[in-house]
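First comes the structure, then the notes that go with it.
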Amino acid sequence: MSFIGDGKRYKDILHTTENTNISERTISNIFKNADLEGTDYISNKNNNKIKIPNNILYIQIDGAFEPMWENKKRVENKIFLATMHVGVDEEKSTKTRIKMKKKKGVFQMMNKNDKSNIYNFIDKIFKSMDTYDINEDTKILILSDGEKQIKKIYKAIKAKYKNNTVSYSLDRFHLVKRFKDLFSYRNRNKIHRLKYKLSKKSLYNYDKN
């Protein structure tokens with residue numbers, strides 16, 4: 001979305017990425033289907049504070065390396081994305097797709113050797129958080145994969161919101177992945193498969209609570 005905002009054509013965007021099996025039509029569809037009303041990725045300005053019904057603000061953070069081309073040179077950039085919301089939107093969610101309520105997002109692209117950009121990303125997160133009606137009773141839950149850089153973000157949020165309860169946990173995707181790693185033998189025989197299914201059921205029930 002930021003490429004479009006900078007006036008780049010679909011073909012320009014396509015040439016910035018390497019080893020990606022996408023077409024100009026794919027980029028066009030992403031832009032057309034972007035939920036700009038449901039998720040504010042463009043601006044953090046909001047005159048009205050967003051209410052937090054259950055007094056829990058969820059912040060999901062993830063990052064991934066992406067090889068790109070800059071000035072005809074291949075560079076390793078890392079893209080960080082933070083999405084915050086106030087919980088599941090029960091009215092808009094379906095059995096196959098869960099939608100989050102009052103969702104906002106910010107992202108930061110940085111060179112893997114430039115650590116200073118992480119502070120720009122933290123600043124963007126703070127500005128986005130400021131659009132929510134956070135009081136001293138508000139709990140802030142950060143969900144991620146446990147990466148070192150993201151733990152630095154967690155510490156920064158905890159320092160800024162020192163009067164709040166700020167917690168850090170693996171998100172559901174990475175929690176399930178690590179859980180599966182613990183049961184690497186799950187497909188060996190029926191007994192192992194049964195143990196895995198029972199343990200997974202207990203994990204999901206705990207996660208719901």
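Values quoted throughout were computed directly from the atomic coordinates according to the rules given, and no laboratory measurement underlies them. These numbers come from a predicted model, not from an experiment. Every residue, glycine among them, receives a Cβ derived from its backbone with ideal geometry; neighbour counts consider all protein chains shown.
Details
- Inter-label distance, nm, simple model (7 Å from Cα along the C-beta direction), LYS49/MET109: 3.5 nm
- Near GLU136, once Lys and Arg are set to +1 and Asp and Glu to -1 for all other residues with Cβ below 15 Å from its Cβ, the sum equals +3.
- Loop sites in the range 43-141: trypsin sites (Lys or Arg not before Pro), DSSP, at most 13 other Cβ within 10 Å: LYS45, LYS49, LYS51, LYS72, LYS92, LYS95, ARG97, LYS112, LYS115
- Efficiency of FRET from Cβ geometry, PHE126 and LYS92, R₀ 30 Å, rounded to 0.05: 0.60
- Which listed pairs, of LYS101/LYS162; LYS95/LYS155; LYS49/LYS95; LYS73/LYS103, have C-alpha distances above 32 Å, in listed order: LYS95/LYS155; LYS73/LYS103
- Net charge of neighbours whose Cβ lies under 12 Å from the Cβ of ILE125, counting Lys and Arg as +1 and Asp and Glu as -1: +3
- DSSP-assigned coil residues among GluC sites (Glu not before Pro) in the range 70-167, each with at most 14 further Cβ atoms within 10 Å: GLU90, GLU91, GLU136, GLU147
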